[in-house]
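Data first, discussion second: the structure below is written as structure tokens.
All of the numbers you see were taken from the coordinates with simple rules; none came from a lab. Since this is a predicted model, take the numbers as computed values, not measurements. Cβ sites come from the backbone with ideal geometry, for glycine too, and all protein chains shown count toward neighbours.
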Amino acid sequence: MTRNLVAVPVYNEIDTVRSVMERIRAFHAGDVLAVDDGSTDGSAEALKNLGWLKILSHTRNLGYGQSLIDGLKYAMDEGYDLVVTMDCDEQHEPALIPQMFSSIGGYDVLSGSRYLTERLENDPAPGDRLSINRRITDIINRVTGFNLTDSFCGFKCYRVSALRALALDEPGYAQPLQFWIQAFKFGLSVKEAPIPRIYKNLNRSFGAVLDDPEKRFEYYRQVIEKEIQRWSISSPLGRTRTTSS
């Protein structure tokens with residue numbers, strides 16, 4: 001029998017954490033892991049009140065990417081077959097969890113996309129996020145040939161055995177971009193699935209410096225370039241980057 005896990009990064013989500021976890025439980029009978037990233041708003045205590053929930057706790061805020069990495073590592077260490085990751089801010093619909101598990105088929109990664117198809121009920125994307133997503137996704141596609149439409153979506157299903165080759169270590173919001181470069185490097189098979197585009201919090205902060213869209217774009221680009229160099233992959237500009245080691 002396939003062992004499936006849902007892993008959810010949590011950081012200061014007191015307004016949504018309980019409802020999101022309970023909705024996940026309603027649509028997924030298997031294990032659910034919350035990775036609390038040093039929350040200070042009561043989220044950690046709310047998680048502990050859910051006796052059925054598995055919890056990993058960071059003693060301080062390490063970053064969204066580190067929470068994802070730790071969730072994936074937990075799935076590998078505990079011998080799960082598939083793991084779905086999703087956010088805790090109500091951007092991802094828990095009712096789609098069974099479909100994510102069933103639709104991965106023979107692929108290594110099934111990645112949700114908010115832009116693969118347009119739906120009448122879709123929320124409009126904030127302009128800066130849409131622009132950055134398009135620019136970064138274009139770079140990712142030029143490097144990998146994956147033909148993605150949404151390189152940032154955190155709603156994914158992974159085949160756990162395929163993750164073992166990766167060396168993910170980007171702790172910040174650019175972790176999904178590091179993942180795509182390594183997925184290409186190590187030959188993971190990828191497909192996208194349409195998901196609703198939901199924006200509940202238009203005032204979300206990425207952190208003081210990264211709230212500037214161009215600085216955020218530059219951070220994302222630098223992470224991609226670092227991975228290109230790390231793995232000696234041809235860059236989007238046609239140059240071949242080599243590591244210094």
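Would you please classify the overall shape of segment 57-194 from the alpha carbon gyration tensor, given that a ≥ b ≥ c denote the square roots of the eigenvalues, rounded means a/c under 1.5, and beyond that prolate means a/b larger than b/c while oblate covers the rest?
Here segment 57-194 falls in the rounded category.
Which of Phe155, Phe27, Phe217 moves most in a GNM of the chain, Cα contacts under 10 Å?
Phe27
Mind checking the full-extension length gain between Arg25 and Ser232? Use 0.36 nm per residue of separation minus the Cα-Cα distance, one decimal, nm.
70.3 nm
Obtain the nm distance between the two label points defined at Arg135 and Thr117 by a simple spin-label model: each point lies 7 Å from its Cα along the Cα-to-C-beta direction.
3.1
List the residues, sorted by chain then number, that are 5 or more residues from Ala193 or on another chain and whose placed amide H is less than 5 Å from its amide H.
Ser111, Gly112, Ser113
Select from Glu192, Glu214, Glu90 the residue whose mean-square fluctuation is largest in a Gaussian network model of the chain (Cα-Cα springs shorter than 10 Å).
Checking each option, the largest mean-square fluctuation is seen for Glu214.
Ala7's amide H: which non-local residues (gap 5+, or another chain) put their own amide H closer than 5 Å, with H modeled 1.01 Å from N in plane and none for Pro or chain starts?
Under 5 Å from the amide H of Ala7: Leu33, Val84, Thr85, Met86.
Note down the relative contact order for the chain as a percent, whole number, built from C-alpha pairs under 8 angstrom at least six residues apart.
21
Tell me, what ³J(HN,Hα) does each residue in segment 14-30 have, in order and in whole Hz, if you take phi through Karplus 6.51 cos²θ - 1.76 cosθ + 1.60 with θ = phi - 60° and put x for Gly and Pro?
4, 6, 10, 4, 5, 5, 5, 5, 5, 5, 4, 4, 5, 10, 9, 7, x
Could you work out which residue, out of Leu72, Leu188, Leu163, moves most in a Gaussian network model of the chain, that is, has the largest mean-square fluctuation with Cα springs under 10 Å?
Leu188
Taking the Cα atoms only, what angle lies between the long axis of helix 213-230 and the longest principal axis of the chain, rounded to 10 degrees?
The helix 213-230 is inclined about 70 degrees to the chain.
Provide Lys73, Lys200 in ascending order of the number of other Cβ atoms located within 10 Å of each residue's Cβ, fewest first.
Ordered from fewest to most neighbouring Cβ atoms within 10 Å, Lys73, Lys200 come out as Lys200, Lys73.
Give the angle, between 0 and 90 degrees and rounded to the nearest 10, that separates the Cα long axis of helix 127-144 from the longest principal axis of the Cα atoms of the chain.
Between helix and principal axis, roughly 60 degrees.
Which one of Ser161, Gln91, Leu130 is farthest out on the positive end of the charge dipole of the chain, using unit charges on Cβ (Lys, Arg +1; Asp, Glu -1) and the Cα centre as origin?
Farthest along the dipole direction, towards plus: Ser161.
At 0.36 nm per residue, and after removing the present C-alpha to C-alpha distance, how many nm does the segment from Arg204 to Ile55 gain when stretched out fully?
51.2 nm
For the chain, what proportion of DSSP beta bridges, expressed in % and rounded to the nearest 5, is antiparallel?
Taking every DSSP beta bridge with both residues in the chain, the antiparallel ones total about 30 percent.
At 222 nm, what value in deg cm²/dmol follows for the chain if DSSP H runs of at least 4 each add -39500 (n - 2.57) and the sum is divided by all its residues, to the nearest 500?
Dividing the helical sum by the residues of the chain leaves -11000 deg cm²/dmol.
Round to the nearest 10 and give me the degree value, 0 to 90, for the angle of helix 64-77's Cα axis relative to the longest principal axis of the chain.
70
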